[in-house]
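See below for the structure under consideration.
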Amino acid sequence: MQTSKFTLSKNSSISDALKKIDQNSSGFILIESGSKIIGVVTDGDIRRQLLEGAMLEDKIEQCINMNFAYALEGDTRESIIKKLDGEFDFLPLLDKKFKLLSILSKKNLPIDAEKSTYARARAPVRISFGGGGSDVTNYFLRNAGAVINATVSFYSHAVLSKRVDQKVIVRSADLNEEVSAANIMEFLETNTSLNLIQSLVKIIDPQFGFELDIFSDYPNNSGLGGSAAISAAVLGCFNEFKDDKWDSYELSEIAFQAERLDLEIAGGWQDQYACTFGGINFIEFKNDGNIISPLRLTEKTILELEANLVLCDTGIKHDSGAIHQDQKSSLNQNADIEKLVELNVQNTYDIKNMLLKGRLNGFGELLGNAWSYKQQFSSKISSPEIDELYSAALNHGASGGKLLGAGGGGFFLFYATGVNKSKLVKFLEKKLLRIYPIKFDSLGMQSWKVRTETVVAKK
């Protein structure tokens, strides 16, 4: 819009104003001092002054209405529409220094210009009830595997914004590390502990520079599937900028590809599915396809599980990749291990049936069975310290439990009811172990876009 058609210096004449009003065919002119709009003059204002004796050669300033209506850059569309729908046929749109940006009217109210956006995503971590070890590829290629897991309300978060240049900046609060690179290629070649992010970026192959922030609200090396949660959150952010978006299965598979194939970190499939899909799921692993089946539990069953489960940080660090690699070797070399995994799968079906029926009396025992089987998969899964903790927990109210994740350390999940739970918690707290409350997450990875600004468009 040519704003000059609507502006006139305060030192101009009434005659000049009439010419401008005739030129813009809008019935008004805006008066400015320097570049600042100070008032408005309508053809009616001029007629009244002429009738009172003003001359065409007189300065226009005597006709100015300085108490005029206007819209400021940043005003909401709602407020502008209300003014136009009410008393005013037009509104000058001014910046904060009262410089004219545009003329808004009932017939000329542009939609907001497309604004820059950034993407947010969060993905929950999971706790597992049974079936661990059967989600490893070299097992379910020969035998069907099955696990039951549930996502809980501890999350990995990611924030992604596009840059106008090719620069890449990645910040991880969890690792207290920031990497800045001139472009994606330089980022991929950088020696950093952010290798999981590098792997994801290599697979995604974004065609733009970006800034990515990552942070989590749970401790590292927890056994809760944290790396899968981080992958899901990062993929969710990039997915927001795609037209052909990945579905939940594809997101899970890409996350698996990055960690298991590209980085060659040994492990199973369940974490990626759990963190992406969310909820309490029965997941079957077969050579011809993996199927995620959400369990439709009653509200009372869910509440009872939340009330009786105790999540405890052992404070013991572990290397899940090394443990999975040792388990893989054991599966390939020892038929007895394969039989134990089969028993663990059957135990998982028992857990599923118990949950669906809402009969939790034996849940703790089945949880303990899952741990008993898993302990035997590899010598690295447990330790004397872990065994001692579990034995003591059983003596202080727990009816069963299992170490989460690959094993070796991280979080322990116990089941205890009523006064037994209080007894167990007191014992764990006395040992200075941190207890985390359990609240199930039913949504899985969630991603969304956020506008960086909300101003009215300029024309």
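The values are calculated or read from the model by the stated rules, or taken from the named source; none is laboratory data. Everything numeric here is computed off the predicted structure, so don't read it as measured data. Please note: Cβ atoms are built from the backbone with ideal geometry, for glycine as well, and neighbour counts cover all protein chains shown.
Taking residue 443 and the conditions (1) farther than 27 Å from residue 155 by Cβ; (2) exposed (fewer than 15 other Cβ atoms within 10 Å of the Cβ); (3) not β-branched (Val, Ile, Thr), which numbered condition does it fall short on, given that it satisfies the others?
All conditions are met except number (1).
Looking only at residues that are among the basic types (Lys, Arg) and outside any helix (DSSP H, G or I) in the range 1-43, which one is farthest from the chain's Cα centre (by Cα)?
10
Given the criteria of a type in the set (A, V, I, L, M, F, W, C), out of contact with any Phe, Trp or Tyr (no Cβ under 8 Å at 6 or more places or on another chain), assigned by TED's automatic domain parsing to the domain that holds residue 416 and on the phi < 0 side of the Ramachandran plot, does residue 277 qualify? Spell out how you get there, then give the answer.
Values: of a type in the set (A, V, I, L, M, F, W, C): yes; out of contact with any Phe, Trp or Tyr (no Cβ under 8 Å at 6 or more places or on another chain): yes; assigned by TED's automatic domain parsing to the domain that holds residue 416: yes; on the phi < 0 side of the Ramachandran plot: yes.
In short, yes.
In the list 409, 444, which residue meets the criterion of being at pLDDT below 95 and on the phi > 0 side of the Ramachandran plot?
Only one candidate qualifies: 409.
Looking at the range 252-267, I want the residues that are free of Cβ contacts under 8 Å to residues at least 24 places away in the same chain and under 18 Å from residue 147 (Cα atoms) and have a partner that is crowded, with 19+ Cβ neighbours inside 10 Å and of a type outside the set (D, E, K, R) with Cβ atoms under 8 Å, at least 6 apart or on another chain. Which pairs are those?
Cβ pairs passing all conditions: 253/272; 256/269; 256/272.
Does residue 209 count as under 27 Å from residue 127 (Cα atoms) and small (Gly, Ala, Ser)?
In short, no.
Can you work out which of the residues in the range 219-242 that are at pLDDT 95 or above and surrounded by fewer than 21 Cβ atoms within 10 Å (Cβ to Cβ) is farthest from residue 292 (Cα to Cα)?
So, considering only residues that are at pLDDT 95 or above and surrounded by fewer than 21 Cβ atoms within 10 Å (Cβ to Cβ), the one farthest from residue 292 (Cα to Cα) is 241.
Being under 26 Å from residue 285 (Cα atoms), in contact with a helix residue (DSSP H, G or I) (Cβ under 8 Å, 6 or more places away or on another chain) and of a type in the set (Lys, Arg) is the requirement here; does residue 352 meet it? Step through it out loud before you land on a result.
Numbers: under 26 Å from residue 285 (Cα atoms): yes; in contact with a helix residue (DSSP H, G or I) (Cβ under 8 Å, 6 or more places away or on another chain): no; of a type in the set (Lys, Arg): yes.
Answer is no for this residue.
Please verify whether residue 419 is in contact (Cβ under 8 Å) with a residue 24 or more places away in the chain and either surrounded by fewer than 20 Cβ atoms within 10 Å (Cβ to Cβ) or over 13 Å from residue 305 (Cβ atoms) (or both), treating the condition exactly as stated.
no
Could we say that residue 106 is of a type outside the set (Ser, Thr, Tyr), in contact with an Asp or Glu (Cβ under 7 Å, 6 or more places away or on another chain), free of Cβ contacts under 8 Å to residues at least 24 places away in the same chain and loosely packed, with under 14 Cβ neighbours inside 10 Å here?
Yes; evaluated as a whole, the condition is true for this residue.
Just wondering, is there one or more residues in the range 188-195 that are out of contact with any Leu (no Cβ under 8 Å at 6 or more places or on another chain), in the same structural domain as residue 267 (by TED's automatic domain parsing), over 30 Å from residue 402 (Cα atoms) and acidic (Asp, Glu)?
Yes.
Within the range 368-391, is there a residue that is touching a Phe, Trp or Tyr at 6+ places or on another chain (Cβ under 6 Å) and either buried (at least 17 other Cβ atoms within 10 Å of the Cβ) or not assigned by TED's automatic domain parsing to the domain that holds residue 136 (or both)?
No, every residue in the range 368-391 fails to be touching a Phe, Trp or Tyr at 6+ places or on another chain (Cβ under 6 Å) and either buried (at least 17 other Cβ atoms within 10 Å of the Cβ) or not assigned by TED's automatic domain parsing to the domain that holds residue 136 (or both).
Count, please, the residues in the range 285-320 that happen to be within 18 Å of residue 444 (Cβ to Cβ), in a strand (DSSP E or B) and not small (Gly, Ala, Ser).
Of the residues in the range 285-320, 4 are within 18 Å of residue 444 (Cβ to Cβ), in a strand (DSSP E or B) and not small (Gly, Ala, Ser).
Name the single residue that is surrounded by the most Cβ atoms within 10 Å (Cβ to Cβ) among those in the range 271-302 being more than 20 Å from the chain's Cα centre (by Cα) and closer than 23 Å to residue 377 by Cβ. Walk me through how you get there before you give the answer.
Start the filter on the range 271-302 by keeping residues that are more than 20 Å from the chain's Cα centre (by Cα), which leaves 281-302.
Remaining after also requiring closer than 23 Å to residue 377 by Cβ: 281-287, 290.
Values: 281: 21, 282: 22, 283: 23, 284: 19, 285: 25, 286: 13, 287: 11, 290: 19.
Only one residue fits best here, namely 285.
In the range 346-457, which strands (runs of 3 or more DSSP E) lie fully inside it and hold 1 or more residues that are under 17 Å from residue 301 (Cα atoms)?
Filter on the range 346-457 gives 411-415.
For the range 83-97, how many residues are buried (at least 17 other Cβ atoms within 10 Å of the Cβ) and under 18 Å from residue 5 (Cβ atoms)?
5
Being outside any loop (DSSP other than H, G, I, E, B) and out of contact with any Ser or Thr (no Cβ under 8 Å at 6 or more places or on another chain): is that true of residue 53 here?
It is false that residue 53 is outside any loop (DSSP other than H, G, I, E, B) and out of contact with any Ser or Thr (no Cβ under 8 Å at 6 or more places or on another chain).
Looking at 156, 180, which is the one that is of a type outside the set (A, V, I, L, M, F, W, C) and crowded, with 21+ Cβ neighbours inside 10 Å?
Of 156, 180, the one residue that is of a type outside the set (A, V, I, L, M, F, W, C) and crowded, with 21+ Cβ neighbours inside 10 Å is 156.
Considering only residues that are in a strand (DSSP E or B) and at pLDDT below 90, which ones fall in the range 65-90?
90
Checking the condition of a type outside the set (Lys, Arg), crowded, with 16+ Cβ neighbours inside 10 Å and more than 21 Å from residue 25 (Cβ to Cβ), which residue from 80, 111, 60 passes?
80
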